[in-house]
Amino acid sequence: MELTSETAGAEVVRLVDYVATPYRIDTVHLDFRLDETETVVVAETAFTPRDGTAPGTPLVLDGDELWLVEARLDGAPLAATAYEASERRFTLKAPPAGSFRLMLTTRLRPAENTKLMGLYRSSGNWCTQCEAEGFRRITYFHDRPDVLAVYTTRIEAPKALAKSLLSNGNPVESGDVPGTDRHFAVWHDPFPKPSYLFAMVAGTFDTIEDRFVTMSGREVALTIYVEHGRGAKAGYAMDALKRSMRWDEEVFGREYDLDVFMIVAVGDFNMGAMENKGLNVFNDKYVLASPRTATDVDYAHIEGVIAHEYFHNWTGNRITCRDWFQLCLKEGLTVFRDQEFSADQRSRAVKRISDVRLLKSHQFPEDAGPLAHPVRPNLYKEINNFYTATVYEKGAEVVRMLKTLSGADGFRAGMDLYFDRHDGMAATVEDFVACFADATGRDLTDFMLWYTQSGTPEVMAATSWDAGAGRLKIVFDQTVPPTPGQPTKKPMPIPIRFGLVGPDGTDVQATRITGATVEGDVLVLEAARHEVVFEGLTARPVPSLLRGFSAPVRLTSTLDPADQSFLAANDGDPFNRWQAIQSLAMRGLIEATDAVRHKRSPTVDGRIAEAIVATAALETLDPDFRALAVGLPSEADVARELALDVDPDAIFAAREHLRGLVATRGRDVFADLYARMAPEGAYAPDAASAGRRSLRNAALDYLVRAGDGAAAVAAYGAADNMTDRLAALTIVVGADLTEADALLDDFHDRFADDPLVVDKWLMVQATAPVDGALDRVRALTAHPSFSITNPNRVRALITTFASGNQTQFNRADGAGFAFVADRVLELDRINPQVASRLLSTFRSWRALEPRRQAYAEAELKRVATTAGLSRDVADIAERSLG
Ligand code: B3K
Ligand code: ZN
């Protein structure tokens with residue numbers, strides 16, 4: 001379509017400009033008439049002016065690429081002069097007084113919808129995606145989260161094309177359309193909802209069915225719909241769903257509210273999944289699993305995403321957001337809930353470490369770069385660019401801090417109050433926080449800074465010990481770095497969970513603590529500086545600060561390597577024990593990187609390698625924890641720590657050096673672990689078995705680094721599950737062994753008919769830190785297994801290359817940047833959301849050394865100045881350069 005003045009450029013939407021619509025919507029009746037190429041949608045909507053709306057105030061509805069066929073008002077055709085309709089807007093110039101019904105008929109072409117927003121086709125089936133602003137691609141509407149309505153949906157389609165006709169709510173009626181080859185179904189959703197939660201699915205699927213009896217004894221029919229032939233792979237998802245439903249009852253007192261709960265898995269999807277009321281639509285990656293085709297990590301993701309979408313039924317659906325600025329109200333909170341669920345189902349310590357790693361690898365760089373924004377942004381040009389790690393992951397950390405500050409009982413009381421007070425409403429972050437203030441009596445005024453200030457706070461802790469007085473002093477200094485639009489910041493309230501680890505490795509207690517508020521084992525920093533004094537100590541303890549990562553901050557301390565080694569071996573808090581090992585390794589990596597950059601050979605203190613090997617061998621620790629502990633900080637972790645003048649080749653060389661050191665010193669330990677962690681029976685996806693595999697494959701990686709390449713080749717051949725097979729393949733390809741190509745061919749041949757496994761094959765090649773990776777990725781874009789229109793394929797090959805291959809994306813000749821920028825421009829014409837996500841992989845470009853920085857900047861400028869960009873890509877390009 002041509003760009004008109006309505007679509008070109010982009011208006012800025014601001015939080016402060018919020019106003020309710022002049023008309024509310026009470027009910028919507030939708031009628032979908034599906035045919036092979038065209039779909040006709042008849043929407044009959046009942047509007048009522050809100051109090052204070054002047055009679056005759058025009059009704060203005062949102063649209064996007066819409067084609068209006070007919071408009072009727074209260075049953076009669078509308079005169080052409082009474083309204084205006086464009087692709088992006090419908091205006092009823094002078095609505096009648098009081099309530100009225102508008103009937104609008106639109107015609108859609110779902111098969112041509114490559115943006116995968118609104119109604120589109122995937123593998124011959126029809127499905128919808130409406131969040132954030134996709135409903136306006138189906139019919140003209142108040143497509144915003146604060147307009148809640150009761151929906152009734154009728155779907156009609158040829159029986160041969162769609163056996164199942166699904167929508168939100170409960171099924172009301174279904175049957176054949178007499179005299180035709182068509183049938184229909186009617187659904188009614190009694191819970192008022194915003195349009196972004198609408199869904200319609202039609203198609204022919206394999207199904208698996210189950211039931212769940214809620215805490216009050218109501219029976220709910222559960223169905224998972226998957227593509228034909230895949231039914232056998234949905235069992236784990238169903239099990240995860242039932243466990244999620246029970247957990248939400250037990251932990252949050254939340255019961256499911258409809259007679260049916262449905263999940264549909266589709267192969268073409270812009271994100272992970274979508275929480276439409278009663279009808280979740282999923283990327284099939286987060287539903288389908290079998291031991292042969294899914295890894296332990298896939299199983300854990302399925303469990304987490306199934307839970308996340310289910311939990312939205314209360315946090316997001318029953319209580320929704322007033323406007324999109326409040327996105328964290330449902331996303332941060334629901335991420336927190338799914339994290340807690342997984343922690344309860346698996347190992348809490350390991351889950352916490354994984355979550356913090358994700359936060360640091362995705363959110364910290366966002367917060368430190370040009371795309372930084374507050375957990376609650378205050379302006380946007382394209383809301384889809386704000387489904388970010390900051391809104392989701394930092395948003396979850398903010399809820400976690402609320403729990404830390406409120407205590408477990410206070411937190412539950414605050415949540416109960418929130419559900420009571422706001423059920424059926426569209427709420428704000430202020431509403432949410434007020435529930436905790438009211439339930440606990442705590443003043444949370446300053447806590448709001450966590451929602452409004454962007455940037456990761458930096459906390460420096462300087463420790464000094466006065467042996468004569470038995471006194472430990474820690475001076476805490478906090479600063480919040482400047483971020484786009486926020487040059488100066490206020491100090492934030494930071495909960496620091498702490499312990500003082502005595503010489504025998506157990507925690508000791510001070511008789512008196514002064515200088516900051518202390519609540520149990522939590523110090524609350526409020527000012528820019530606190531001098532905290534711990535008295536009554538008999539021997540010098542080592543402070544263990546920020547236990548469990550109690551706040552999303554960067555903590556630096558004056559602890560020396562000896563103290564860190566002590567914590568690595570003794571800290572009673574497993575998170576900090578892991579953190580201590582990471583900090584030691586990071587220290588070594590930074591020194592080694594510096595040496596490489598100055599053309600010296602890298603050296604790393606051998607004690608660091610020894611501490612890592614010792615942890616690997618420690619039988620008192622769980623295998624999954626040990627696996628995490630032996631994993632060195634990633635290249636990206638080191639880059640983030642350096643923050644400036646980053647040379648990814650130097651980091652890679654330094655890290656290879658430390659890996660080599662650990663591998664050599666630990667050779668016997670790793671050989672022993674590899675033998676002892678061998679499978680004990682048939683594959684099972686539980687956390688304990690996954691932990692053994694994880695440690696065994698970490699050991700294999702070191703064995704190969706120490707020179708035993710044959711071990712990985714043998715492991716590939718012997719594997720009886722995807723976790724082990726993929727781990728072996730990744731090691732062989734990453735080490736550039738001569739067998740790499742043959743194993744890659746073998747892998748592709750085995751799984752060519754399973755797109756989700758083909759994605760793994762693409763990812764292994766995209767992330768291989770080898771010269772020639774870029775040529776290989778470029779060649780793979782022409783492979784028959786690749787498709788530029790499928791988001792999973794694009795993410796597996798191209799986004800993974802850009803975000804997961806530090807040396808090759810950031811090639812010193814700029815070729816990696818140029819390739820990715822070309823793909824962004826190509827994709828922008830197909831699917832702007834996928835394109836803008838891909839472009840955001842440039843977000844840390846300013847941290848690079850000058851030469852690479854110049855290449856990255858030139859590519860960003862080339863993208864930014866291309867004519868006809870989508871709003872999505874234009875926004876990311878502009879902000880990245882800003
Ligand atoms: N709420 C959806 C995300 C929608 C993204 C729109 N660009 C999935 C989720 O977070 O549960
Ligand atoms: Zn969500």
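Full extension of the chain between residue 60 and residue 466 gives 139.1 nm of extra length, using 0.36 nm per residue less the Cα-Cα distance. Angle, helix 815-828 long axis vs. longest principal axis of the chain, Cα atoms, 0 to 90°, nearest 10? Rounded to the nearest ten degrees, it is 20. The slack in the chain from residue 242 to residue 409, taken as 0.36 nm per residue of separation less the alpha-carbon distance, amounts to 57.6 nm.
Applying 1/(1 + (r/R0)^6) with r as the Cβ-Cβ distance of residue 452 and residue 159 and R0 = 41 angstrom yields a FRET efficiency of 0.15. Scalar couplings 3J(HN,Hα) for the stretch 733-749, obtained by applying the Karplus form with A = 6.51, B = -1.76, C = 1.60 to θ = phi - 60°, are 5, x, 8, 6, 6, 5, 7, 3, 5, 5, 5, 4, 4, 4, 4, 4, 4 Hz; x denotes Gly and Pro.
Once the Cβ-Cβ distance between residue 558 and residue 48 is put in as r, and R0 is 51 Å, what FRET efficiency do you end up with, to the nearest 0.05? List each step's numbers first, then the result.
Numbers: r = 64 Å, r/R0 = 1.26.
Efficiency, from the Cβ-Cβ distance: 0.20.
Remark on residue 497: its backbone amide H falls under 5 Å from those of 523, 546, 547, 550, a criterion applied only to residues 5 or more positions apart or on other chains, H modelled at 1.01 Å from N. Distance between the 7 Å Cα→Cβ label points at residue 598 and residue 38: 7.4 nm.
What shape does the stretch 25-204 take by its C-alpha gyration tensor, where a ≥ b ≥ c are the square roots of the eigenvalues and a/c under 1.5 counts as rounded, a/b above b/c as prolate, and the rest as oblate? Don't jump to the answer; show the numbers that get you there.
On the way: a/c = 1.73, a/b = 1.63, b/c = 1.06.
Note, shape of the stretch 25-204 comes out prolate.
Could you pull out the pairs from 115/285; 381/861; 115/381 whose alpha carbons sit more than 21 Å apart here? Table pairs above 21 Å Cα-Cα: there are none. Shape annotation for the stretch 109-172: C-alpha extents along the principal axes are 38, 32, 15 Å, from largest to smallest. Across all Cα pairs in the stretch 320-452, the calculated P(r) in 10 Å bins from zero up to the longest distance comes to 12, 42, 35, 10, 0 percent per bin. When each of the peptides 229-236, 240-247, 42-49, 839-846 is scored by how many other beta carbons lie within 10 Å of its residues on average, the order from highest to lowest is 839-846, 240-247, 42-49, 229-236. Compute log10 of I(q)/I(0) for the chain with the Debye formula, placing one identical point scatterer on every Cα and leaving out solvent, at q = 0.05, 0.08, 0.10 Å⁻¹, to two decimals. One equal scatterer on each Cα of the chain leads to -0.29, -0.76, -1.21.
Can you give me the Cα centroid spacing of the stretch 621-690 and the stretch 17-61 in angstrom? Each part reduced to its Cα centre gives a spacing of 55 Å.
Placing a label point 7 Å from the Cα of residue 512 along the Cα-to-Cβ direction, the residues of the stretch 443-475 whose backbone N falls under 14 Å from that point are 469-472.
A simple spin-label model places pseudo-atoms 7 Å from Cα toward Cβ; at residue 813 and residue 210 they are separated by 5.3 nm. Modelled spin-label separation between residue 12 and residue 607, with each label point placed 7 Å from Cα along the Cα-to-Cβ direction: 5.3 nm. Peptides 119-125, 378-384 ranked from most to least packed give 119-125, 378-384, packing being the mean of other C-beta atoms within 10 angstrom over each peptide's residues. Place a point 7 Å from Cα of residue 416 in the direction of its Cβ. Which residues in the stretch 240-261 have their backbone N less than 17 Å from it? Taking a point 7 Å out along Cα→Cβ of residue 416, the residues of the stretch 240-261 whose backbone N falls under 17 Å are 248-255. With the whole protein complex present, residue 21 retains an accessible surface near 10 Å², based on a 1.4 Å probe.
Based on DSSP H segments of at least four residues, each scored -39500 (n - 2.57), the chain has a per-residue ellipticity at 222 nm of -12000 deg cm²/dmol. The residue among 372, 406, 324 whose Cα reaches farthest toward the positive pole of the charge dipole of the stretch 320-452, with charges on the beta-carbon of Lys, Arg, Asp and Glu, is 372. Centroid-to-centroid, using Cα positions, the stretch 550-602 and the stretch 829-882 are 33 Å apart.
Using the Cβ-Cβ distance between residue 86 and residue 378 with R0 = 30 Å, the FRET efficiency computed as 1/(1 + (r/R0)^6) comes to roughly 0.55. The coefficient of translational diffusion for the stretch 752-882, derived via Stokes-Einstein from the alpha carbon Kirkwood radius under 25 °C and 0.890 mPa s, stands at 167 µm²/s.
Scan the stretch 524-577 for GluC sites (Glu not before Pro) in coil per DSSP, keeping those whose Cβ has at most 10 other Cβ atoms within 10 Å, and list them by number.
Details: sites: 526, 531, 535; in loops: 526.
Counting only loop positions with at most 10 other Cβ atoms within 10 Å, none of the GluC sites (Glu not before Pro) in the stretch 524-577 qualifies.
The stretch 405-445 and the stretch 780-824 have Cα centres separated by 44 Å.
The values are calculated or read from the model by the stated rules, or taken from the named source; none is laboratory data. Because the structure is predicted, anything quoted here is derived from the model rather than measured. Positions of Cβ are backbone-derived with ideal geometry, glycine not excepted, and every protein chain shown enters the neighbour counts. We work out accessible area using only protein heavy atoms, side chains counted, and drop any ligands, DNA or RNA first. Shrake-Rupley method; radii C 1.70, N 1.55, O 1.52, S 1.80 Å.
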